[in-house]
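Notes follow once the structure below has been shown.
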Amino acid sequence: MTLDRRNFIKLMGGASTLALAGCATEGPAVGSSTAIMPKGGARRVVVVGGGYGGTIAAKYLRMLDQSIEVVLIEKNRQFVSCPFSNFYIAGITQDLNAQTIGYDKLAANHGIKMLYAEVTAIDPAAKKVVTTEGTLDFDRCIVSPGIDFRTEEIEGYNSRTAEAFPHAWKAGAQSTLLRNQMQSMADGGTVVISMPLTPYRCPPGPYERACLIAHYLKKHKPKSKLILLDANPDVVSKKPLFTKAWSTYYKDNFQYVGGKKVTQVNVSGKSVSVEGIEDFKGDVINLIPPQRAANIMVQSGLVGDDKKWCPVDAVSFESTKHKGVHIIGDATALPSDGPPMPKSGYSANSQAKFCAINVVNLMNSKPTVEFSGINVCYSAIDDHQSVSIAQVFALANGKIKSSATAISPADFSLAKDEHAYGESWLKNILTEMST
Amino acid sequence: MKKRWSGWTLAAGALALSATAFAAPPSPEMISFACAGCHGTNGGSAGLTMPTLASQSKTAIVDAMKKFKSGDRPSTVMGRLAKGYSDADFDAMATFFSKQKFHSTAQTIDAAKAKQGADLQEANCSRCHLEDGKEGKDDTPVMASQWLPYLKMQMSLYESGKRKMPEKMAEKVKNLSPQEIDALLHFYASVK
Ligand SMILES: Cc1cc2nc3c(=O)[nH]c(=O)nc-3n(C[C@H](O)[C@H](O)[C@H](O)COP(=O)(O)OP(=O)(O)OC[C@H]3O[C@@H](n4cnc5c(N)ncnc54)[C@H](O)[C@@H]3O)c2cc1C
């Protein structure tokens, strides 16, 4: 679907007549057609989404070309990182402070203009972004909005289900909810994690969560158990490492079951169902629904024929649906030769830099540049050991291809050191995003 | 990546056609951007166990990368990453990081230990680790302001024999007590 003028007006919802400030939390956000931040002489890039991809795109745009004005639009005042939220959920860390960042220093250090608002439409033809605070013009737009959930694929899932069965797949209130549910669960209870088919945000994330929740239960609720229902037929990330961790540390309280795609929920019965045939009851249920690009991408006609992910050019990250709009991070479907870059924070960071380079080059009529980037994901297997996957990617024949991919040794001989390095990774990548 | 800068300028004129078709290879600076997710923007690290690369000696970086790749130097992750790059890439990245400005760190340092280390380094280390560790020469790395936890992790790799110490350095180190080595590392970490 492309966004025609009529739909576009509809999305804006005649909001200019309403007093909007601060009411973005109730119901779908309503855009305002009031023109804001009029564009002066300078060329402007609007970056949507201040997470792993967007902050870096905004920063590197300004590092590469000070003559381009950059507006970063983010709906929240603070960003809470998903990486390391599993520690908090499993009671190993006591708050989310170490993984929460603000935007003040980033904006001041690089002359980025912050706009705290929710984007309700991106109009590539008119080169406008509509937000809850008003509408603004761009020359090019970079979008890194992350994911939303395909809850429509789960029967019985409604607007209150995430309260009862938290996904905790966006960090913050959801992480706290899951943590609290587990802490108040009586010993002897069952925790169920349900995870979707690939592709979804952070391939090793659910398996790391399983390790850390099993660790929590082993320590604090020894009579309790954990079941991981994987919609995939088998473990899709770092399999030798996770299966080794489960059989070494958690064989008494943890069970992995592959090929179990949850299709139905029963909140009052505290259960999830696989194809209506098999029911799994849980005292705590962590239901991670299947995913797609964030809502704004669907609304703006930027998702592909699959209606889920956003197809882009592998060099410029420009949408193949709409010129002038570039997309990075979890929301993308990148042309890939072999296993694609995983939907990770590190991937979003690497992609943001080459997207910024090429947006600057395109705006300055310079040749575009081939991608070269990294993905590393650390996953904890308990409170003091971590393992990782390390990958280098580069452009080959118009597609992104890995030139090296390897996981940590399965004897866990490096797991303590990697745990220490993982903490520094978080510190450095969040510092890079916030300064 | 095998291609370097040669040849792409020809394509620049035809740019309007397709971004993918005529993309140029990335510059040294651009390949190095990917390292920043772990080592910090421009190689200035904020993480206590992650080494700063900014203003590191060029040869020390190339040397480290080659040894990581071959397995001569033990690593958790660098060996796996190094396999994705060529010698030309190492050279490019080393050039970039060696040119970044010195990254001074504010660390919790035991002043008495740093003082003791300052005295010890004169006789034991300063022949190679020049200017209080501020100057990297050839394959000798800059150590000034390097993160103490990182230095400690590397020193224990040396002592376990997993990382090979330069012979002349080993001769000095073997005559020093663990407490004295600790003092030396406190000193280097404290240098601004
Ligand atoms: C439990 C868990 C553990 C993880 N661990 C790791 C890890 O160890 N390492 C790793 O590399 N990755 C990890 N990830 C993955 C990582 O969190 C994501 O891949 C990363 O956040 C993707 O970056 P992004 O920029 O695409 O989206 P995000 O980082 O989610 O940023 C999107 C931003 O856009 C904003 N936004 C969205 N829509 C709008 C709108 N309409 N208007 C205004 N603002 C909007 C959001 O508020 C958000 O701030 C983990 C994920 C989970 C769930």
B:A111/A:Q255 FRET efficiency (R0 60 Å; Cβ-Cβ; nearest 0.05): 0.65
Neighbour counts of other C-beta atoms within 10 Å: give me A:S33, A:S434, B:S160, A:S372 arranged from fewest to most. B:S160, A:S33, A:S434, A:S372
Contact order normalised by length for the stretch B:27-98, with contacts defined as Cα pairs under 8 Å and 6 or more residues apart; what percent is it? 38 percent
With each run of n ≥ 4 DSSP H residues scored as -39500 (n - 2.57), what mean residue ellipticity at 222 nm is computed for chain A after dividing by its residue count and rounding to the nearest 500 deg cm²/dmol? -8000 deg cm²/dmol
What is the calculated FRET efficiency for B:A170 to A:D283, with r their C-beta to C-beta distance and R₀ = 45 Å, to the nearest 0.05? 0.20
Out of all DSSP beta bridges with both ends in the protein assembly as shown, state the antiparallel percent to the nearest 5. 50 percent
With the Cα gyration tensor of the protein assembly as shown in hand, convert its eigenvalues to equivalent ellipsoid semi-axes via √(5λ) and list them largest first in whole Å. 40, 33, 22
Work out the length of the dipole vector of the stretch B:111-190 about its Cα centre, built from +1 on the beta-carbon of each Lys and Arg and -1 on the beta-carbon of each Asp and Glu, and round it to the nearest 20 debye. 240 debye
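Report the full-extension gain for the segment A:K219 to A:Y116: residue separation times 0.36 nm, less the Cα-Cα distance, to one decimal in nm. Intermediate values should be presented prior to the final figure.
Working: separation 103, 0.36 × 103 = 37.08 nm, distance 4.17 nm.
This chain segment gains 32.9 nm when fully extended.
Please give the per residue volume of the convex hull enclosing the alpha carbon atoms of the stretch B:27-98, rounded to a whole number of Å³. Please report the intermediate quantities before stating the final value.
Details: hull volume 5.6 nm³, N = 72.
It is 78 Å³ per residue.
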Cα lying deepest toward the dipole's positive end in the stretch B:27-98, options B:G47, B:S70, B:T95, charges on Cβ: B:S70
Neighbour-count ranking for B:H186, A:H384 (other C-beta within 10 angstrom, fewest to most) reads A:H384, B:H186
Setting aside same-chain residues fewer than 8 positions from A:K219, which lysines have a Cα under 22 Å from its Cα? A:K244, A:K251, A:K416
What do you get for the angle between helix A:173-184 and the principal long axis of chain A? Use alpha-carbon atoms, 0 to 90 degrees, nearest ten. 10 degrees
With +1 assigned to the C-beta of every Lys and Arg and -1 to the C-beta of every Asp and Glu, and no other charges, what is the dipole magnitude of the protein assembly as shown about the Cα centre in debye, to the nearest 20? 520 debye
Exposed GluC sites (Glu not before Pro) absent: longest stretch of chain A, with sites in DSSP loops and at most 16 other Cβ within 10 Å deemed exposed: A:27-274
Compute the distance from the alpha-carbon center of the stretch B:160-181 to that of the stretch A:36-90, in whole Å. 47 Å
At a threshold of 8 angstrom on Cα-Cα distance, excluding pairs fewer than six apart, so keeping six or more, what relative contact order does chain A reach in percent? 17 percent
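Report the gain in length on full extension from A:D104 to A:K399: 0.36 nm times residue separation, minus Cα-Cα distance, nm rounded to one decimal.
The A:D104-A:K399 span can extend by a further 102.6 nm.
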Below 8 Å, C-alpha to C-alpha, sequence gap of six or more: please give me the relative contact order for the stretch B:111-190 in percent. 50 percent
Hey, with R₀ at 25 Å, roughly what FRET efficiency would A:D187 and A:D383 work out to, going by the Cβ-Cβ distance, to 0.05? 0.80
Toy charge model, Lys and Arg Cβ at +1, Asp and Glu Cβ at -1: chain B dipole around Cα centroid in debye, rounded to 20, equals 500 debye
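Every number here is computed from the coordinates shown, using simple stated rules; none is lab data. All figures in this text were calculated on a predicted structure; none of them were measured in a lab. Reconstructed Cβ throughout: ideal geometry from the backbone, glycine too, with neighbour counts over all protein chains shown.
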